[in-house]
Amino acid sequence: MKADAYAEMHLWNLNLDRLIRVLQRLETFSICPKQEMKAYEVRLEEIRAGFNADFAEAMASKERADESRFQTQRVAWEMKHSDDGQTSPNE
């Protein structure tokens, strides 16, 4: 289902937010230089942006295909019912 894909993307972004917060909190322990921690954070944001963009493009393609398919179905239904002398749902 489409909702499942969007739910998974929400979880992906939520978990990345949490991971970035962990990195920010680890700065206080001086595990790595602050600049290096910031570089990890920026890299995660870069990965997130690319993945979200790819996901959005893929979903947009699927939505356009669905739109076309449903439009074809609607037009066929309207033509069939106009031949029967019935009105379409838009009238």
Picking from 42, 75, which residue would you name as being over 30 Å from residue 3 (Cβ atoms) and modelled with pLDDT of 90 or more?
42
Evaluation of residue 63 against (1) at pLDDT below 95; (2) touching a helix residue (DSSP H, G or I) at 6+ places or on another chain (Cβ under 7 Å) (one fails), failing number
(2)
Those residues of segment 18-33 that are surrounded by 11 or more Cβ atoms within 10 Å (Cβ to Cβ) and either touching a helix residue (DSSP H, G or I) at 6+ places or on another chain (Cβ under 9 Å) or not in a helix (DSSP H, G or I) (or both) come to a total of 7
Kindly indicate whether any position in segment 52-65 is loosely packed, with under 13 Cβ neighbours inside 10 Å, at positive phi and not charged (D, E, K, R).
no
Please tell me if residue 23 is of a type outside the set (Val, Ile, Thr) and in contact (Cβ under 8 Å) with a residue 24 or more places away in the chain.
no
Got a sec? Which of 48, 43 is under 30 Å from residue 23 (Cβ atoms), within 14 Å of the chain's Cα centre (by Cα) and not aliphatic (A, V, I, L, M)?
48
Between residues in segment 49-65 that are within 24 Å of residue 14 (Cα to Cα) and residues that are aromatic (Phe, Trp, Tyr) and at pLDDT 95 or above, which pairs lie under 8 Å by C-beta distance while being six or more apart or on different chains?
51/12
Against the definition (among the small types (Gly, Ala, Ser), loosely packed, with under 11 Cβ neighbours inside 10 Å and assigned to a helix (DSSP H, G or I)), how does residue 49 come out, yes or no?
yes
Out of (1) in a helix (DSSP H, G or I); (2) aliphatic (A, V, I, L, M); (3) surrounded by 10 or more Cβ atoms within 10 Å (Cβ to Cβ), the odd one out for residue 3 is which?
(3)
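The values are calculated or read from the model by the stated rules, or taken from the named source; none is laboratory data. Values in this document were obtained by computation on a predicted structure and should not be read as measured data. When we count neighbours, we look across all protein chains shown, and the Cβ atoms used for this are built from the backbone with ideal geometry, even at glycine.
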